Structure formats: structure tokens, C-alpha cells
Amino acid sequence: MQNCLENIKKKSPLIHNITNYVTVNDCANIVLASGASPIMASDPNEVEEITSICNGLNINIGTLNSRNVEAMILAGKRANQLAHPVVLDPVGVGASTFRTKTALRLLNEVKFTVIRGNISEIKTLAGVSTLTQGVDANITDQITEETLDDALIFAKSFAKKTGAIITITGVIDIVCNAKKAYVIRNGHSMMTTITGAGCQLSALTAAYIAANPDHVLEAAAAAVCAMGLAGEIAHDRLSELDGNASYRNYIIDAIYNMTPEQLEKGAKYEVR
């Protein structure tokens, strides 16, 4: 964990984000706070050039339109050609036919290094029947201590099928490849009261894996631990007059001030 954050600060990777307009500013700021650098470009006329000068790509389908779908495909294919890591955040997949078809097209045409979403989103991508609640996980899908073993089997199976690292976030987080999983218990329930915590994590994940190409699974897990730990630190900082807007800013502050030693000590995970 410690080495992963150290490498971001040493290398300061440039991360191309094609993300949604609801959280684009927060995604840029979380990448900057980590020690990496963001660039936001979503026009099909330039995304291939932009991706070419970057070290990693983050694709987020939160606010889709036909134009940025083509940009995502173009950028993803260019990143694949250059062997750059690519993250997919399938926000709200299953909520509409267009959104689901787009996510499946991306999976078919682009090779992803990491796929990050809530359990309902990942199940939808995998073709498992589930009920969508927009961008939030269905309560019946949520991973608990009782359902954790089954969730690990599912996640590892989908990782094997896609060749990607699967990151499932919720009360309990899973980050896995086909053989090894990190079960992570960092975070705070207040993180669900702000828009974009997941979007920020996907952007942060892109920074971590771009800076640690030889340890991608560990880097993806470190990103989840860092975001969850930031949520804990931010909550401890709140005063009685602070609300979710302050909390969002305090999370970014916590990422900015986080040291490699702090992450190593504060990460709560087990390997399964």
C-alpha cells in the first residue's frame, strides 16, 4: 500500500478522464490531491491525441450522449494500442437500454485494466439478473458478511471472464483478479451522502494503477483503501455545523495530506 502512494508522488502520472459533468471537477481535484495530474477531454476530434500523451485513462458513463460514447471507444482503443491502463466506471448500467448497450459495447471493444462499480452495476455487466436503482446498488444485492463468500466467487469469476481487475465498492469492498482478492473495510457511511465518491475513486484508481504498472492489483486495492480512509478522516474532522458539502471537501483534503505511512497503517484489508 505504502509503495503505491509513494510511486504516484514520484511519477505524477497524467490521467485522461472522460467522465460525467456532475462530478468532473471533483474527479480532477481528487487526482491532483493524490499527486497525479488530470486532463479532461471528451471530444472525438481530440481524445486519441490526448490519450497518447497520458499515462492512464478513466472512462465513466455517468452522463452519456452519443458523441462521448464515440470518444470513449476511440480513447479506449488508443490506450490499448499504447498499453496504457484503462478504468471503466459503468455508472447506472441497467437503468436504461442505451446505458446498458453502451457499457456492453465498451466491454466488447476496449480491454479494461480495472472495472469499478457497485455490486448491482457489476452484476448487470456480468449478465446476472438484478434490480437497478439508478446509480445506487440495490439493497438486496449489497455485500454483507453473510454474502461475502458468494460475492468473492462471483467477482473472481467475472475477473477471469473479462481479464480485468474487478473492484466492487459498498459497505464491504472487493478488489480482485481471477485468483486473489482484497476484502477492504475502510470507509464511512456518510460517503453515500455525497455525489461522486465512486466517480472520484475511479479517477483515483486510474492514477494508482498508472503509477504502479507492475503491481496493478495491489495498486487498485490501495486506491480503495485510500478513498475509504479519507472518508474516515474527513468524518472525524466534521464540526456540528458541517454537512455533506464540507465532508466532500474534507475527503479531498484527506487525500491531499495522506502520507504513504498513514495509508499503510490505516488500510483495513484481508487477502482471500
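The values are calculated or read from the model by the stated rules, or taken from the named source; none is laboratory data. The structure displayed is predicted, hence computed values, not measured ones. Quick reminder, even Gly has a Cβ in these numbers, built from the backbone with ideal geometry, and neighbours come from all protein chains shown. Side chains are part of the model used for accessible areas, which takes the heavy atoms of the whole protein and leaves out ligands, DNA and RNA. Shrake-Rupley method; radii C 1.70, N 1.55, O 1.52, S 1.80 Å.
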## Note on the structure
Considering residues that are part of a loop (DSSP other than H, G, I, E, B), among the hydrophobic types (A, V, I, L, M, F, W, C) and within 19 Å of the chain's Cα centre (by Cα), the number found within segment 47-82 is 3
### Message
Can you tell me how many residues within segment 3-49 are among the polar types (S, T, N, Q) and more than 19 Å from Leu201 (Cβ to Cβ)?
### Response
4
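With Ala41, Ala33, Ala71, Ala83 as the choices, which residue is open to solvent by 10 Å² or more (accessible area, probe 1.4 Å) and modelled with pLDDT of 95 or more?
Numbers: Ala41 fails: open to solvent by 10 Å² or more (accessible area, probe 1.4 Å); Ala33 fails: open to solvent by 10 Å² or more (accessible area, probe 1.4 Å); Ala71 fails: open to solvent by 10 Å² or more (accessible area, probe 1.4 Å).
Matching residue, one of Ala41, Ala33, Ala71, Ala83: Ala83.
Given the condition more than 20 Å from the chain's Cα centre (by Cα) and part of a helix (DSSP H, G or I), answer yes or no: does some residue in segment 35-46 qualify? If you could, list the steps in order and put the result at the bottom.
The first filter runs over segment 35-46 and keeps only residues more than 20 Å from the chain's Cα centre (by Cα), leaving 43-46.
Then keep just the ones that are part of a helix (DSSP H, G or I); that gives none.
No, segment 35-46 contains no residue that is more than 20 Å from the chain's Cα centre (by Cα) and part of a helix (DSSP H, G or I).
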### Query
Taking segment 46-68 only, how many residues are farther than 16 Å from Thr124 by Cβ, open to solvent by 10 Å² or more (accessible area, probe 1.4 Å) and touching a residue at least 60 places away in the same chain (Cβ under 8 Å)?
1
### Task
Test Lys265 against the stated conditions and say whether it is at pLDDT 95 or above, part of a helix (DSSP H, G or I) and over 27 Å from His16 (Cα atoms).
yes
### Query
Within segment 1-52, restricting attention to residues that are touching a Lys or Arg at 6+ places or on another chain (Cβ under 9 Å) and small (Gly, Ala, Ser), which residue is nearest to Lys77 (Cα to Cα)?
Ser52
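Among Ala222, Ala245, Ala226, Ala234, which is hydrophobic (A, V, I, L, M, F, W, C), out of contact with any helix residue (DSSP H, G or I) (no Cβ under 7 Å at 6 or more places or on another chain) and either part of a helix (DSSP H, G or I) or surrounded by fewer than 18 Cβ atoms within 10 Å (Cβ to Cβ) (or both)?
Working: Ala222 fails: out of contact with any helix residue (DSSP H, G or I) (no Cβ under 7 Å at 6 or more places or on another chain); Ala226 fails: out of contact with any helix residue (DSSP H, G or I) (no Cβ under 7 Å at 6 or more places or on another chain); Ala234 fails: out of contact with any helix residue (DSSP H, G or I) (no Cβ under 7 Å at 6 or more places or on another chain).
Matching residue, one of Ala222, Ala245, Ala226, Ala234: Ala245.
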### Task
Only residues that are touching a residue at least 60 places away in the same chain (Cβ under 8 Å) and surrounded by fewer than 19 Cβ atoms within 10 Å (Cβ to Cβ): list them for segment 15-28, please.
Val22
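Would you mind finding the one in Thr102, Thr97 that is farther than 24 Å from Thr169 by Cβ and out of contact with any Phe, Trp or Tyr (no Cβ under 7 Å at 6 or more places or on another chain)?
On the way: Thr102 fails: farther than 24 Å from Thr169 by Cβ.
Exactly one of Thr102, Thr97 is farther than 24 Å from Thr169 by Cβ and out of contact with any Phe, Trp or Tyr (no Cβ under 7 Å at 6 or more places or on another chain), namely Thr97.
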